[in-house]
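Presented below is the structure to which this report refers.
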Amino acid sequence: MITLKKEWSFFKSRYTISAQQIEVQGNWWDMEFEVYSQEKQVASIRKRWFSWGDTYEVTILDEELEQLLISLVIAIDCVKADEAGAASGSN
């Protein structure tokens, strides 16, 4: 199970992820980050900007975590979409 929690921050979105021994490092806003399990890199995620719709390049280095990693990308994308919708609705 993954729990994605938004933390309070002045300048940019910041999240913590609660999953079994999973740590995410990188630039969340631009969707460029690496995923680690027990200090070993298990995936890298990059958003492709010049594509039709939202397209991500997900490199999975540990196949046992494949479902968890894909779920993580979907969860982060949903949170960002919700934030974008809330920001445009407040204008």
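The values are calculated or read from the model by the stated rules, or taken from the named source; none is laboratory data. As the structure is a prediction and not an experimental result, all values here were calculated from the model. Counting neighbours? That spans all protein chains shown, and the Cβs are built from the backbone with ideal geometry, glycine included.
Numbers at a glance
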quantity: Whichever residue in the stretch 58-84 is assigned to a helix (DSSP H, G or I) and farther than 17 Å from MET31 by Cβ and, among such residues, is modelled with the lowest pLDDT; calculated: LEU68
quantity: Leading residue by the ranking (modelled with the lowest pLDDT) among those in the stretch 17-42 that are loosely packed, with under 15 Cβ neighbours inside 10 Å and more than 23 Å from THR55 (Cα to Cα); calculated: GLN20
quantity: Single residue of the stretch 52-79 satisfying the filter (of a type in the set (Val, Ile, Thr) and free of Cβ contacts under 8 Å to residues at least 24 places away in the same chain) that is nearest to VAL42 (Cα to Cα); calculated: ILE60
quantity: Test for ASP54: is it surrounded by 10 or more Cβ atoms within 10 Å (Cβ to Cβ) and farther than 19 Å from ILE17 by Cα; calculated: yes
quantity: Test: LYS47 is over 13 Å from VAL24 (Cβ atoms) and either surrounded by 12 or more Cβ atoms within 10 Å (Cβ to Cβ) or touching a Pro at 6+ places or on another chain (Cβ under 8 Å) (or both); calculated: yes
